[in-house]
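> After the structure tokens below, expect a handful of questions from me.
The values are calculated or read from the model by the stated rules, or taken from the named source; none is laboratory data. Treat the numbers as computed from the prediction; the structure is a model and nothing was measured. Cβ placement follows ideal geometry from the backbone for every residue including glycine, while neighbour counts extend to all protein chains displayed.
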Amino acid sequence: MVYFEQLDFLVVITCRVFKNGDDTAALYLVSNNLNLNSNQLSTIYQKRWKVEEYHKSIKSNTSFAKAPTRIVTTQKEHFIASFAAYNRFELLKMRKGKNHFALKRYINVMALRQASPEVRRLLTPDIRKAA
């Protein structure tokens, strides 16, 4: 338990050390619930982190935050479409074993590969028209 000058109450702090390749990193977890031990605090953090991953993915991978509309009805439709896209990412994640960001990158790369021949065709001058 620790007391900080800026706080008017005690807090409990625990440190988790992680190995990342050759590097190590420390994660400090803080709570004002003095009854929690280190394992309980880590368990709560892991559950809450899943919520953060959800918010980051739905914002970044489904363009949830980029609704191009100001009308309530179309905003609702955008929300539903974003939520459906998130669910598709979850399904693909379970089937392919890749995270949402890797899946989005793969989908974009495949779309570009499909479009490349058509772009090349459009950029190639048409010899018949020049004659």
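> Going by what's in this entry, would I58 be described as among the aliphatic types (A, V, I, L, M), under 15 Å from the mean Cα position of the chain (by Cα) and either outside the structural domain of F4 (by TED's automatic domain parsing) or not in a helix (DSSP H, G or I) (or both)?
The answer is yes for I58.
> Please work out which residue is nearest to the chain's Cα centre (by Cα), limiting yourself to the stretch 70-119 and to residues that are surrounded by 10 or more Cβ atoms within 10 Å (Cβ to Cβ) and of a type in the set (S, T, Y).
Ranking the candidates gives Y86 first.
> Test each condition in (1) surrounded by 10 or more Cβ atoms within 10 Å (Cβ to Cβ); (2) out of contact with any strand residue (DSSP E or B) (no Cβ under 9 Å at 6 or more places or on another chain) for T14 and report the one that comes out false.
Evaluating T14 over (1) surrounded by 10 or more Cβ atoms within 10 Å (Cβ to Cβ); (2) out of contact with any strand residue (DSSP E or B) (no Cβ under 9 Å at 6 or more places or on another chain) leaves (2) as the failure.
> When you go through A67, A102, A84 one by one, which is the residue that is touching a Lys or Arg at 6+ places or on another chain (Cβ under 9 Å) and free of Cβ contacts under 8 Å to residues at least 24 places away in the same chain?
Of A67, A102, A84, the one residue that is touching a Lys or Arg at 6+ places or on another chain (Cβ under 9 Å) and free of Cβ contacts under 8 Å to residues at least 24 places away in the same chain is A102.
> Kindly indicate whether any position in the stretch 28-43 is in contact with a Lys or Arg (Cβ under 7 Å, 6 or more places away or on another chain), outside any loop (DSSP other than H, G, I, E, B) and among the hydroxyl-bearing types (S, T, Y).
Yes, there is a match, as at least one residue in the stretch 28-43 is in contact with a Lys or Arg (Cβ under 7 Å, 6 or more places away or on another chain), outside any loop (DSSP other than H, G, I, E, B) and among the hydroxyl-bearing types (S, T, Y).
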